[in-house]
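Each reported figure results from applying straightforward, stated rules to the coordinates on display, with no laboratory input. This one's a predicted model, so the numbers in the text were calculated from it and none came from an experiment. Cβ sites come from the backbone with ideal geometry, for glycine too, and all protein chains shown count toward neighbours.
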Amino acid sequence: MTWSFEQTPHRHKAGYAVHPAKHGLGFALIFALTCGLSAAVAQEQAPPPVTVARPVVRDVVDNDEFIGRFEAVDQVSVRARVGGYLQEVRFKDGSIVHKGDVLFVIDQRPFITAQNEANAALEVAKSTLTFAEAQFKRAESLAQSGSQSVSTLDDRRREWVSAQANVRGAQAAADRAALDLEYTQITAPISGRIDRRLVSAGNLVQADQSVLTTIVSMDPIDFYFDVDERRILNFANTARLKGADLQQGGGSLDVKVSIADPTAKPFVGKLDFAENRVDNDTGTMRVRARFPNPDSVLQPGLFGRAQIEASNTYRAVLVPDEAIGSDQNQRVVYVVGEDGTVTTKPVRPGPRLFGYRAIREGLNGDENLIVNGLMRARPGSKVTPEMTTLPAERSDAPAPNSVEVSQ
């Protein structure tokens, strides 16, 4: 016997039929929707995750920054001291020369001839002097014995004195001729880097007029920059405390200069001079620092950025710029408490140091700051903190205007 069962719809009192299978499916669907909604609500109400870190704390000294230019300690325009035709050029353009090196040679033949003539005239004058001296002594002897008149003796004395003067004049002419011959070899008056030749061999040069080339000294080298009144007074006081005078070489103040080459370390020199007055138009004073330059890396005319210590050592609290927010007219950071509650702290930001922002006021350095996820945090709300550690210096850091003090 075969049995078969068929579910028959149950008729509701209202008169419509309810199928049992469809009835169960509806309850299941309602249950699933309810559970999903509850999970979504629970997920929405969970504290959002944020990245939290403590500030970086370092002992630093503030620096004042200035833009300036390097200039040579000595710069000389090389000129011919005698006129003539340029015969030789004995240097390579742009090379390093030393004091006394021969740079140019002017045709020496006319000057050799002039020297020979002057020497010959000197010999004649000396011979005349010898004869005049002998004549005077003879006349003097005869005058003593009464055989020579006094007037004749006076004539011989006059001739002797005149011959002496002629010798001195001839000697001066010979010395001048020798000097002119020496000047035909134009030598380097200082050591340094020479510019290109401005006159080629074969050209006629005029005495004390034609600039043949220029030389600039390289080691040491000076750096000039302008300082405002407030900071020049600060520098002067610092130099005075160290027993130095800024105008007379306040060499106790260190100056660090960075150039455009990112691979070059800052160059360290000494502040050694300041002008004797403040410019009325700009309100600044020009000062100078001197730097050793043995490898000739620093060139005259090169721009640089100088840094000079402007404060005592202090403890700097550093935070990322992205951790600083705004609340109306003040800057704030978001701090996470032990229970995950977010609060704000007003801060006074300072300069950029080591890729971070220095905080002048408002932080002690032991706070847990939100450094990522700031948009998900609200004062008074709770968050899920994920701790991280900030590096001592970030790779995107520009050259700091403060330096770390070694412990």
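Quick rundown of the values:
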{"quantity": "Farthest toward positive dipole pole in region 108-182 [+1 Lys/Arg, -1 Asp/Glu at C-beta], among F131, A174, N116", "calculated": "F131"}
{"quantity": "Order of L302, L103 - criterion: other Cβ atoms within 10 Å of each residue's Cβ, fewest first", "calculated": "L302, L103"}
{"quantity": "Förster-model FRET efficiency, 35 Å R0, V199 and D226, C-beta, rounded to 0.05", "calculated": "0.40"}
{"quantity": "Per-bin percent of Cα-Cα distances, region 108-182 [10 Å]", "calculated": "22, 32, 22, 15, 7, 1"}
{"quantity": "Zone of E182's modelled label, taken as backbone nitrogen in region 98-134 under 14 Å from a point 7 Å along Cα→Cβ", "calculated": "100"}
{"quantity": "Other-chain or far-sequence residues with amide H under 5 Å of V73's (modelled H)", "calculated": "S217, D222"}
{"quantity": "Charge dipole (region 247-356, unit charges on Cβ, about Cα centre) - positive-most of V336, V319, T263", "calculated": "T263"}
{"quantity": "Where labels lie 7 Å past Cα in the beta-carbon direction, separation of D295 and N329 in nm", "calculated": "5.3 nm"}
{"quantity": "Fully extended contour minus Cα-Cα distance, from T341 to E65, at 0.36 nm per residue", "calculated": "95.2 nm"}
{"quantity": "Descending semi-axes in Å of region 44-196, equivalent ellipsoid built from Cα gyration tensor", "calculated": "79, 24, 9"}
{"quantity": "Cβ-Cβ FRET estimate between E386 and D101, R0 fixed at 56 Å, reported to 0.05", "calculated": "0.20"}
{"quantity": "Förster radius 25 Å - calculated FRET efficiency between A120 and D155, Cβ distance, rounded to 0.05", "calculated": "0.35"}
{"quantity": "Length released on extending from T130 to D175, taking residue separation times 0.36 nm less the Cα-Cα span", "calculated": "14.1 nm"}
{"quantity": "Convex hull per residue volume in Å³, alpha carbons only, for region 41-121", "calculated": "292 Å³"}
{"quantity": "Cα extents of region 165-240 along the three principal axes, largest first (Å)", "calculated": "66, 40, 21"}
{"quantity": "Label-zone membership for region 54-79, site F303, 7 angstrom Cα→C-beta point, backbone N under 12 Å", "calculated": "67-70"}
{"quantity": "For region 183-188, Karplus couplings with θ = phi - 60° (6.51, -1.76, 1.60), whole Hz, Gly/Pro x", "calculated": "5, 5, 9, 8, 10, 6"}
{"quantity": "E275 versus R138: modelled label distance in nm, points set 7 Å from Cα along the beta carbon direction", "calculated": "7.5 nm"}
{"quantity": "3J(HN,Hα) from dihedral phi, region 202-210, Karplus parametrisation 6.51/-1.76/1.60, rounded to Hz, x for glycine, proline", "calculated": "x, 8, 8, 10, 9, 5, 6, 10, 6"}
